[in-house]
1. Provide the gained length on full extension for the span Glu233 to Leu111, in nm with one decimal, where the gain is 0.36 nm per separating residue minus the Cα-Cα distance.
2. Evaluate Rg over Rh across the stretch 140-183, taking Cα atoms for both radii and Kirkwood's formula for Rh.
3. Under the rule of at least 5 residues apart or a separate chain, name every residue whose amide H is placed under 5 Å from the amide H of Asn210.
4. Of the listed peptides 46-55, 13-22, what is their order by residue-averaged count of other C-beta atoms within 10 Å, with the highest listed first?
5. What pairs in Lys19/Lys137; Lys137/Lys203; Lys19/Lys252; Lys113/Lys143 have C-alpha atoms more than 21 Å from each other?
6. Near the amide H of Leu245, under 5 Å away, which other amide H atoms are found, from residues 5 or more places off or on another chain, if H is placed in the peptide plane?
7. Using θ = phi - 60° and the Karplus curve 6.51 cos²θ - 1.76 cosθ + 1.60, what whole-Hz ³J(HN,Hα) does each residue of the stretch 113-130 get, with Gly and Pro shown as x?
8. Kirkwood hydrodynamic radius (Cα pairs, Å) of the chain?
Amino acid sequence: MKFPIGIFDSGYGGLTIFKEIHRQMPEYDYIYLGDNARAPYGTRSFEVVYKYTLQAVKRLFDEGCILIILACNTASSKALRNIQQNDLPLIDPQKRVLGVIRPTVESIDSLTKTRHIGILGTQGTISSGSYIMEIQKLFPDIKVTGEACPMWVSLVENSEHDKDGADYFVRQHLDAILKKDSLIDTVILGCTHYPLLINKIRKYLPSGVNIVSQGKYVAASLKDYLCRHPEIEERCSTGGNCRFLTTESEEKFSGMASLFLQENIKAERIYL
Ligand code: DGL
């Protein structure tokens, strides 16, 4: 018996990760779950993000997934460790849940020359300190500065990210992070929604600053994981089928997902 790979996000943002995973590994089957009814997660407490994420993970297990990617930095920051350490051993020790922070952090070593890094993320991701902890473990010489950008997810979820009004909010946080540390030469987009704002981010960052968009690193890391874990890989089904589940209106999700992915998507509504 073989199973699809599960990809979870609070809403649409994880589609930027899914897109790259699917591009690099189109042969597998995938189930994407967006908890749009309860997004955004970025301002919610640790307990709530953990509870919602665990519900979504259990649902993806019920749908048959044995490997799930939390394609959401907020969920990876606030729920991943608990789920891996406390829940998986009880639910099924054969199943796996992976996050997006570690693969993103692994990419920065070769990018930064000044060893000064900026992290842009939701309130939840920045205040959890998850990026700082992960970077200190791997590259203790790198200085990390975080900046929460509370409006950015809403700009994307409301399709305002390409409009003129978005410039104000983008510039505000880029100016703020460079004011905190003017030596930053690499900025991580530590929220899966932010790649949609990349044109404006590029416009307001000095030209020499690297912008790290997570999708390709998470996808490469998953590919590597599957190579290193043949016992998981051989249980992943192939056929290239993708299902999209949302906790909100299926029409709205289908419309937005089709924009994100530039292809026609038909979502199914579920209740968690
Ligand atoms: N896309 C999620 C992330 O990567 C956050 C969006 C939200 O606030 O729900 O952090």
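1. My answer for the length gained is 40.9 nm.
2. On the way: Rg = 12.8 Å, Rh = 11.7 Å.
A ratio of 1.09.
3. Residues meeting the amide H criterion: Thr186, Val187.
4. 13-22, 46-55
5. Table pairs above 21 Å Cα-Cα are Lys19/Lys137; Lys137/Lys203.
6. Under 5 Å from the amide H of Leu245 lie the amide H atoms of Tyr32, Leu33, Gly34, Glu268, each far enough along the sequence or on another chain.
7. Values per residue, Gly and Pro as x: 9, 6, 6, 10, 10, x, 10, 9, x, 6, 3, x, 5, 5, 6, 5, x, 4 Hz.
8. Here the Kirkwood hydrodynamic radius works out to 18.7 Å.
FYI, it's all coordinate maths here, none of it is from the lab. Note that the structure is predicted; figures quoted are calculated from it, not measured. Heads up, the Cβs are rebuilt from the backbone with ideal geometry, glycines too, and the neighbour counts pull from every protein chain shown.
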